[in-house]
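Enquirer: To start, I am sharing the structure in question, which I have written as structure tokens.
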Amino acid sequence: MVIFFEKFARLSLKSTFIWSLCPQYSTALTTVGRALIVRSSQLIQHRYVHSRGLGASPANPGAAPPRLPFSRVTQEVLAFFRTLLPGRTITDPDLLKSSNVDWLKTVEGNSEVLLRPKTTEEVSQILRHCSERNLAVCPQGGNTGLVGGSVPVFDEIILSTSLMNQVITFDNISGILTCQAGCVLENLSNYLEERDFIMPLDLGAKGSCHIGGNVSTNAGGLRLLRYGSLRGTVLGLEVVLADGRILKCLATLRKDNTGYDLKQLFIGSEGTLGVITAVSILCPRKPKAVNVAFLGCSSFQQLLETFQYCRGMLGEILSAFEFLDASCMSLLEKHLKLTNPITESPFYIVIETAGSNATHDEEKLHQFLEEVMTSSLVTDGTVATEATKIKALWSLRERVTEALTHEGYTYKYDISLPVEKIYDLVQDMRGHLGDMAKNVVGYGHVGDGNLHLNITSPSKDPALLAAIEPYVYDMGSRLSPSWAALKPCWILRAFSTLTKHCQTIYTNSFLVFMIYMKNKADFILPQCYCNTVIVLNWTVIDQTLSI
């Protein structure tokens, strides 16, 4: 479920709060009727009592639309949950605090109940009970997301998958793993490595993110270049729909031509169509030889040419090609005290190879490095083959997000663009913002054209945000018509002027799909909304489709 909506800002009051619409965008809201809200990292200090929200109007343009008429948790509801989940129904505010706040600590919900089921049947009973009583639910995995999509907006019940952490089966012939959705990615990686396999997915947040959350956000990660996206490696899912029905599509076959591929509806759906409770995923064999090269380039054009050589000369052993700019390196050195292992460069590359023959792989890597050094595409570099040194080099890429948290407030954008254009957006944004921003940095996955654009300031700055948006969306749409990796919560924020940007951000195929899904609303809009922050608002979609 999706809504196209304006930018909202959450208020963090102790017991009552409401969201406030940024004033410069308030007019478009008056045309939208019944709607939900989109979480944003921008906090605006208005104080409205939760139950008194009047909605935006000419007389009250700064107010957010009121909380939708979901029921509130009663003692009767709590009694049901405590019977169903003895000792796993959490109402202590101190214990709830970490689940109400996102990883970046930029948005905060006001949930009073955290549920921790262990089985699919328990999830089913929870959602059925909530559906029958019109209670809103916020599914939550490892809560490692950077766009606030896993914490409540108002007082939704938090449904945590953290105790659904069991491996169900593993077939060491086919390499197919079936596990519950709450398994931590790093724990799965360790489990598989003991059996000579690896997860096809690797993320900087692997120590706390859940595989169910990875699937529901269609996380890409560092190995996408080698193993592809989760849409290809996930073979089956078990999902509980919002009315409590259990959809069992937990296939363990690599080829299944029987009917519709329903799992694809839930990969990337962010908990809006239901709660993923189990996953079956195809896992590759553990490589016998891993090498990591850390290289410096004088320009992004040279970096791209290095990437071309890399694909041609390393071929089947290439598993990752990542980049970060000099500003990222400065932050790593300044805040995390990490050491740059090579001479200073405008751009840095992390290349990983993974294969079955150490001698063969080292020879190919040596030939590649000799070629790019001789042609002056690379100015300096180092190679690691030992696990500890490999980890140290990878930390220079994986910990950039952590370093940015020490810079004040960060505006984050996760965007896919044509590979040759991914750094253009960073350069254009630097020129556009000038001295308004403390830092404008870029890093990401060259292999799949995915840029992480980050803009920092000492604190939240509405003037800076107004300069960033909608400029970032205008530039992005000019560089690429699809914005395929833009995180859903950020896609929604892209409609800063509702009708102006919708056609440039979304392709015609998306709009055609919206027309089709509108006629199928009973399937995707059950009585109880899961993850109510993202809901289809057909009033706005009608306006979009009529443009």
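The values are calculated or read from the model by the stated rules, or taken from the named source; none is laboratory data. For clarity, every value in this text was computed on a predicted model and none was experimentally measured. For neighbour counting, all protein chains shown are included, and Cβ atoms are generated from backbone atoms with ideal geometry for every residue, glycine included. Areas reflect the complete protein model, heavy atoms only, side chains present, ligands, DNA and RNA absent. Shrake-Rupley method; radii C 1.70, N 1.55, O 1.52, S 1.80 Å.
Enquirer: Please determine, by comparing only the residues of region 440-472 that are within 23 Å of residue 352 (Cβ to Cβ) and part of a helix (DSSP H, G or I), which one is modelled with the highest pLDDT.
Expert: Ranking the qualifying residues of region 440-472, first place goes to 446.
Enquirer: From the list 385, 359, exactly one residue is touching a residue at least 24 places away in the same chain (Cβ under 8 Å), β-branched (Val, Ile, Thr) and open to solvent by 70 Å² or more (accessible area, probe 1.4 Å). Which is it?
Expert: 385
Enquirer: Suppose we filter region 112-147 for residues that are part of a loop (DSSP other than H, G, I, E, B), touching a strand residue (DSSP E or B) at 6+ places or on another chain (Cβ under 6 Å) and open to solvent by 10 Å² or more (accessible area, probe 1.4 Å); how many remain?
Expert: Adding up the residues that qualify gives 4.
Enquirer: Yes or no: region 426-439 includes at least one residue that is within 28 Å of residue 103 (Cα to Cα), at pLDDT below 95 and assigned to a loop (DSSP other than H, G, I, E, B).
Expert: no
Enquirer: Give 207, 221, 228, 296 a once-over and let me know the one that is on the phi > 0 side of the Ramachandran plot and in contact with a strand residue (DSSP E or B) (Cβ under 9 Å, 6 or more places away or on another chain). It would help to see each step written out before you state the result.
Expert: Working: 207 fails: on the phi > 0 side of the Ramachandran plot; 228 fails: in contact with a strand residue (DSSP E or B) (Cβ under 9 Å, 6 or more places away or on another chain); 296 fails: on the phi > 0 side of the Ramachandran plot.
Exactly one residue qualifies, and that residue is 221.
Enquirer: May I ask you to list pairs of residues, at least six apart or on different chains, whose Cβ atoms are under 7 Å apart, with the first in region 256-285 being of a type in the set (D, E, K, R) and the second being crowded, with 23+ Cβ neighbours inside 10 Å?
Expert: What qualifies is 263/234; 263/237; 270/149; 270/216; 270/217; 270/531; 270/534.
Enquirer: From the list 159, 177, 188, which residue is of a type in the set (A, V, I, L, M, F, W, C), touching a Phe, Trp or Tyr at 6+ places or on another chain (Cβ under 6 Å) and surrounded by 19 or more Cβ atoms within 10 Å (Cβ to Cβ)? Even if it seems obvious, please write down each step before you answer.
Expert: Values: 159 fails: touching a Phe, Trp or Tyr at 6+ places or on another chain (Cβ under 6 Å); 188 fails: touching a Phe, Trp or Tyr at 6+ places or on another chain (Cβ under 6 Å).
Just one listed residue meets the conditions, 177.
Enquirer: Is it the case, given these coordinates, that residue 383 is in contact with a helix residue (DSSP H, G or I) (Cβ under 6 Å, 6 or more places away or on another chain), outside any loop (DSSP other than H, G, I, E, B) and farther than 19 Å from residue 457 by Cβ? Step through it out loud before you land on a result.
Expert: Working: in contact with a helix residue (DSSP H, G or I) (Cβ under 6 Å, 6 or more places away or on another chain): no; outside any loop (DSSP other than H, G, I, E, B): yes; farther than 19 Å from residue 457 by Cβ: yes.
Criteria not met by residue 383.
Enquirer: Has region 408-416 got at least one residue that is surrounded by fewer than 18 Cβ atoms within 10 Å (Cβ to Cβ), touching a Ser or Thr at 6+ places or on another chain (Cβ under 6 Å) and at pLDDT below 95? It would help to see each step written out before you state the result.
Expert: Taking region 408-416 first, the residues surrounded by fewer than 18 Cβ atoms within 10 Å (Cβ to Cβ) are 408.
Among the residues that remain, those that are also touching a Ser or Thr at 6+ places or on another chain (Cβ under 6 Å) are: 408.
Adding the requirement that they be at pLDDT below 95 leaves 408.
Yes, region 408-416 contains a residue that is surrounded by fewer than 18 Cβ atoms within 10 Å (Cβ to Cβ), touching a Ser or Thr at 6+ places or on another chain (Cβ under 6 Å) and at pLDDT below 95.
Enquirer: Can you say whether residue 150 is more than 25 Å from residue 123 (Cα to Cα), small (Gly, Ala, Ser) and part of a loop (DSSP other than H, G, I, E, B), as far as the supplied structure shows?
Expert: Working: more than 25 Å from residue 123 (Cα to Cα): no; small (Gly, Ala, Ser): yes; part of a loop (DSSP other than H, G, I, E, B): yes.
When the stated conditions are applied, residue 150 does not pass them.
Enquirer: While we're looking at this one, here's another question. Against the conditions (1) over 20 Å from the mean Cα position of the chain (by Cα); (2) buried (at least 19 other Cβ atoms within 10 Å of the Cβ), where does residue 428 fall short? Just the number, please.
Expert: (2)
Enquirer: Sticking with this structure for a sec: Quick check on my filter: what residues within region 211-260 are farther than 18 Å from residue 171 by Cα, of a type in the set (D, E, K, R) and open to solvent by 50 Å² or more (accessible area, probe 1.4 Å)?
Expert: 226, 231, 245, 248
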